[in-house]
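The values are calculated or read from the model by the stated rules, or taken from the named source; none is laboratory data. In this text, all values refer to a predicted model and were calculated from it rather than measured experimentally. Don't worry about glycine lacking a Cβ; one is built from the backbone with ideal geometry, like all the others, and counts go over all protein chains shown. Note: accessible area is taken over every heavy atom of the protein model, side chains too, but ligands, DNA and RNA are not part of it. Shrake-Rupley method; radii C 1.70, N 1.55, O 1.52, S 1.80 Å.
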Amino acid sequence: MSSFGSCLTMIRAAILAAALSMSLPVASRAGELQAKLDYCKTCHGLSGQGYRGYFPMPRLAGQQQEYLENQLRAFVERRRINPIMANVAHALSPSMVSGLSSHFQHLNPKPIGGAPSHSSPAGRQIFNEGLPEANVPACSACHGSDGHGQNEIPRLAGQLYEYMVGQLTGWSKVRGQGTSVDTSAVMAPTAHNMSRSQIEAVAAYVSTLP
Amino acid sequence: MNLTRSAWMAALLTALIAPVATAVAGEQIVPVQNCTWCHGTSAQGYAMAPRLAGQRPAYLETQLNSFREHFRDAPLSKQYMWSATAALGPQAARDLAAYFSTIPPRAANDGNTNLATMGRTIYMNGIPDANIAACYACHGPNAEGIRDIPRLGGLSRFYLKARLEQWGQGYHSVPGSPMPLVARPLASAEIEALASYLSFVK
């Protein structure tokens, strides 16, 4: 009886020790993820909805996980040039990248708004039908009719107007900079074939999509 | 500032503002002397009162409203700015903000020069491993600010340091501000370096 009792105590102590040694790293990893998320949200908006700083910071909320992971790698590999995000992304471990990306994909705040509204009817048409005479395909063909994207194709719905105009007008100065061809090449001809006012119209339209 | 001086100031302030406040129904005109009395004659800052000259007008306006609504609540805000804005209507706040923003700012230059390089590195790059965001992304390459994001260049080391410490201590500025999250991971050596660097920026 007493030996059974002491045996139980020993087992309990062993279980407790094991549980402790497991739960400590798990807890601190969760703490690390939360601290990193807070850091991302200082710039990308407290709900990941995007933010207008000196530079526009894109919406990450509801973004495709594969797209987020691919872009974070692109910053590190200098396929995509941005000094701020290159520094940020360098400090992320692969498991942190997937933890952050999956968190952002599941957020769903309202679009931040703030785009000029007058051009968005023309933008709707470009989004759904493209500009056949200018060799611009319908955006919905790849980005989805709701603009939510899939896998490596990004969500555009609710994205910041100024950010999209900046990306589309400067596409080949910023993206696809490595020696090998990457996913940015799929989008390059479409970005080139639109005029500034067509870009503004379609960006205004998609920025309002929920 | 000691107690006698501040009590005296408060009395003077009430004397200055009260007649103006009752003169016109609704919106009243507030003479800038009510402000430059503490903020310095050319609004370059004086003692604990920060420089207003050259600050972004949209920023000045939101802060004035925030003092009036008692949202911005650090000790010196409560002590001085709550009463200074008590009788300030929205139009008067806008006019004062527009006025102060047009005065050319001078740099305080009161930081520690040995820390300026470290401060500049944090300002431009942040410290990603410590989750410290690059200030540059919001306040701009020359700390000039934009829209309602304030100019930081040339504010005094004393004021910058107090602000960065106060967010970490739980005081508020405006609703929805990113600054509490920005300031939380900053260690005191980093605050000192940032405040020193920024005090020299023109």
Heavy atoms only, probe 1.4 angstrom, no DNA, RNA or ligands counted: give me A:His106, B:His39, A:His148 ranked by accessible area, highest first.
A:His106, A:His148, B:His39
Around B:Lys78 (Cβ within 14 Å, Cβ-to-Cβ, excluding B:Lys78; K/R +1, D/E -1) the net charge comes to 0
With only helices counted (DSSP H, runs n ≥ 4, each -39500 (n - 2.57)), the per-residue ellipticity at 222 nm for chain A, to the nearest 500, works out to -18500 deg cm²/dmol
In terms of modelled amide H atoms, which long-range or inter-chain residues lie less than 5 Å from the amide H of B:Ile132?
B:Ile127
Averaged over its residues, how many other protein chain Cβ atoms are within 10 Å of peptide A:81-89's Cβ atoms?
4
If you stretched the chain out fully between B:Leu76 and B:Asp110, how much longer would it get, using 0.36 nm times the residue separation minus the C-alpha to C-alpha distance?
10.2 nm
Positive end of the charge dipole of region B:86-202 (Lys, Arg +1 and Asp, Glu -1 on Cβ, about the Cα centre): tell me which of B:Ala97, B:Gly176, B:Asn125 has its Cα farthest that way.
B:Ala97
List the accessible area buried at the contact between A and B, summed over both sides and calculated with a 1.4 Å probe, in Å² to the nearest 100.
1700 Å²
Given a Förster distance of 35 angstrom, what is the FRET efficiency for A:Ser180 paired with A:Ser28, based on the Cβ-Cβ distance and rounded to 0.05?
0.40
Relative pair counts by distance (%), Cα atoms of region A:42-206, 10 Å bins
11, 40, 39, 11, 1
Place a +1 charge on the Cβ of each Lys and Arg in region B:25-149 and a -1 charge on the Cβ of each Asp and Glu, then give the dipole magnitude about the Cα centre in debye, rounded to the nearest 20.
140 debye
Mean shadow of the protein assembly as shown, computed from the convex hull of its alpha carbons, in nm²?
30.3 nm²
With all protein chains present, calculate the accessible area of A:Leu46 using a 1.4 Å probe and round the result to the nearest 10 Å².
80 Å²
Between A:Glu152 and A:Ser117, how high is the FRET efficiency from 1/(1 + (r/R0)^6) when r is the Cβ-Cβ distance and R₀ = 35 Å? Nearest 0.05.
0.70
Calculate how steeply helix A:65-76 sits against the longest principal axis of the alpha-carbon atoms of chain A, using the helix alpha-carbon long axis, and give the answer as 0 to 90 degrees to the nearest 10.
80 degrees
Mean separation of Cα pairs under 8 Å and 6+ residues apart, divided by the residue count of chain A: what relative contact order is that in percent?
23 percent
Over the protein assembly as shown, give the accessible area per residue in Å² for a 1.4 Å probe, as an integer.
51 Å²
As I understand it, the value is the acute angle between the Cα axis of helix A:94-105 and the longest principal axis of the Cα atoms of chain A; what does it come to in degrees, rounded to 10?
60 degrees
Sum up the charges of everything whose Cβ sits under 13 Å from the Cβ of B:Val182, counting Lys and Arg as +1 and Asp and Glu as -1, but leave B:Val182 out.
0
With +1 at each Lys and Arg Cβ and -1 at each Asp and Glu Cβ, the charge dipole magnitude of region B:113-200 around its Cα centre, to the nearest 20 debye, comes out at 160 debye
Applying the span-like rule to chain B (DSSP H, Cα extent along axis at least 24 Å, Kyte-Doolittle mean at least 1.0) gives B:3-23
Once B:Arg106, B:Arg151, A:Arg175 are ranked on solvent-accessible area with the largest value leading and a 1.4 Å probe, the list reads B:Arg106, B:Arg151, A:Arg175
Here the relative contact order (percent) of chain B, from C-alpha pairs under 8 Å and at least 6 apart, is 24 percent
With +1 assigned to the C-beta of every Lys and Arg and -1 to the C-beta of every Asp and Glu, and no other charges, what is the dipole magnitude of the protein assembly as shown about the Cα centre in debye, to the nearest 20?
600 debye
Between the residues A:Val186, A:Ala138, A:Asn128, the Cα farthest towards the positive end of the dipole of region A:42-206, that dipole coming from +1 and -1 charges on the beta-carbon of Lys, Arg, Asp and Glu, is from A:Val186
Helix-only [θ]222 nm of chain B, DSSP H runs n ≥ 4, -39500 (n - 2.57) each, per residue, nearest 500:
-14500 deg cm²/dmol
